[in-house]
Amino acid sequence: MIDRTASAYRIATPRLDAQGGAGLQAAIFNALDSGVHTERDRMVLDMAEVEFIDSDGLVALMNIFQTAAAKGIQLILCSVQPIARLVFDISQLDKVFTII
């Protein structure tokens, strides 16, 4: 028997800035509002294609994190590229997000 407890989403933009962050946030909020995800699910965001992230991108990710957490869904970031990982490290958000 298969129990679906995780969903993965590939971030298909190289830049998480004001425009990319807003688009990502809208898409993930739609997914969260669709009712597909339930409490105790895990949502994995594949960041392999993200080459740049700024404060607007971080705000979008924090908004996604908080909304998911309020619904009991764990947000996981994977394949974070070195330059984006540096932004998480400097901002100390690497202590907030689960990054694999």
*asked:* Restricting to DSSP H runs of at least four residues, report the calculated mean residue ellipticity at 222 nm for the chain, -39500 (n - 2.57) per run over all residues, nearest 500 deg cm²/dmol.
replied: -13500 deg cm²/dmol
*In the range 1-81, GluC sites (Glu not before Pro) in a DSSP loop with at most 12 other beta-carbon atoms within 10 Å*: Glu39
*Quick one: helix 55-70 against the long Cα principal axis of the chain, what's the angle to the nearest 10°, folded into 0 to 90?*
20 degrees
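Would you please name the trypsin sites (Lys or Arg not before Pro) within the chain that are DSSP coil residues with at most 15 other C-beta atoms within 10 Å of their C-beta?
Working: sites: Arg4, Arg10, Arg15, Arg40, Arg42, Lys71, Arg85, Lys95; in loops: Arg4, Arg40, Lys71.
Taking the chain and a limit of 15 other Cβ atoms within 10 Å, the loop trypsin sites (Lys or Arg not before Pro) found are Arg4, Arg40, Lys71.
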*asked:* Counting just the Cα atoms, what span does the range 57-100 cover along each of its three principal axes? Round to the nearest Å and put the largest first.
replied: 30, 19, 16
*Taking only Cα atoms and a 10 Å spring cutoff, compute GNM fluctuations for the chain and point out the largest among Ile83, Ile64, Ile73.*
Ile83
*Could you grab the relative contact order for the chain? Cα pairs under 8 Å, six or more apart, rounded to a whole percent.*
32 percent
*For Val96, what is the net charge nearby, where nearby means another residue's Cβ is under 14 Å from its Cβ and Lys, Arg count +1, Asp, Glu -1?*
0
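For the chain, what mean projected area does the convex hull of the alpha carbons give, in nm²? Walk me through the numbers on the way to the answer.
Details: hull surface 24.3 nm².
Averaged projected hull area, Cα only: 6.1 nm².
Any read-out appearing in this document is the output of simple, stated calculations on the displayed coordinates, not a laboratory observation. Predicted model, so just to flag it, every value in this text is computed and none were measured. Please note: Cβ atoms are built from the backbone with ideal geometry, for glycine as well, and neighbour counts cover all protein chains shown.
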